[in-house]
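One structure is given here, and the rest of the page talks about it.
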Amino acid sequence: MLVALKPLLTAMTGSIRDLLPIILVIAFFQIVVLSQPIPANELIKIIGGIFLVIMGLTFFISGLEMGLFPIGESMAHAFAKKGSVFWLLVFAFCLGFGTTVAEPALIAVAKEAATIAAQGKIIEATDAARDSYAFGLRMTVALSVGFAIVIGVLRIIKGWPLHYIIIGGYIIVTLMNFVAPDFIIGIAYDSGGVTTSTITVPLVTALGVGLATSIKGRNPMTDGFGLIAFASLLPIIFVMIYGMVI
């Protein structure tokens, strides 16, 4: 029994170790700097919340190690063995699109952006207008990540230098800052950040590493990583275009 629980206990210990600095910082500023002791009823809620966060991180990390990373790498190996670039690129696009649409952080940001846009009279202050704006923003980001993963996969296959593509992309972003509406620029940059979150990162990273491992002449360390950089870059460009269109 204890042997079976050992991996779970190890993951839980790691989660506690990772969260401890955050807990100590918050406790220090709350008690020492602000000099505001936490009421007993609030303390119980906080302790309960911390416990749930620890358990959530523990199960999430264990799930990544048991399921998401292996399936991403195994599918990359299978596509490389099959030798069909077309279906590999289709899979890469669908993976990027599907994982991004399901990102909780993106859903939250899109909803908040729609609310603020309605308050700023950029769109109509109706539920239908807000839903349409949020949905359009999510679809734009999801499409951009899909294309980003396709570019990343092509880079691994062709052996293109990563830094040239990244530099070129950010030059485009910089130039677009001068023509995109002011209200969309901040949202565009935030959209690039929230795409690289809990669901997208594990599967995309596993795909890149697995693909680089499967292709002769590619180094998983130098060629397998970099897909996440594209997934952060292209949404900025696409969302700025989205802001210009609407």
Within the chain, helix-based [θ] at 222 nm, where runs of 4 or more DSSP H residues each add -39,500 (n - 2.57), nearest 500: -27000 deg cm²/dmol
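Quick one: which of 6/81; 81/158; 82/158 span more than 24 angstrom between C-alpha atoms?
6/81
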Tell me, what is the 1.4 Å probe accessible area of residue 9, in Å² to the nearest 10? 90
For the chain, set up a Gaussian network in which alpha carbons nearer than 10 Å are linked by springs, and say which option among 27, 134, 92 fluctuates the most. 27
With a 1.4 angstrom probe the carbon and sulfur portion of accessible area for region 118-246, in percent, totals 67
The chain: most fluctuating residue of 215, 228, 171 per GNM, C-alpha cutoff 10 Å: 171
Mind checking region 88-164 for trypsin sites (Lys or Arg not before Pro) that DSSP puts in a loop (not H, G, I, E or B) and that have at most 15 other Cβ atoms within 10 Å? 121
Extension gain residue 183-residue 90, at 0.36 nm per residue separation less the Cα-Cα distance, in nm? 30.1 nm
Whole-number percent relative contact order across the chain, with pairs defined as alpha carbons under 8 Å at least 6 apart: 25
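Per residue and in Å³, how big is the convex hull formed by the alpha-carbon atoms of region 169-246?
Convex hull volume per residue, Cα atoms: 96 Å³.
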Pairwise label distance in nanometres, residue 33 with residue 245, each label 7 Å out on the Cα-Cβ vector: 4.3
Viscosity 0.692 mPa s, temperature 37 °C: Stokes-Einstein D of the chain from its Kirkwood Cα radius, in µm² per second? 161
Build a GNM of the chain with springs between Cα atoms under 10 Å: which of 153, 179, 32 gets the top mean-square fluctuation? 32
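The values are calculated or read from the model by the stated rules, or taken from the named source; none is laboratory data. Since the model is a prediction, treat every value here as computed from it, not as a measurement. FYI the Cβ positions are ideal-geometry reconstructions off the backbone, even for glycines, and counts take in every protein chain you see. These area figures cover heavy atoms from the full protein model, side chains too; ligands, DNA and RNA do not enter into them. Shrake-Rupley method; radii C 1.70, N 1.55, O 1.52, S 1.80 Å.
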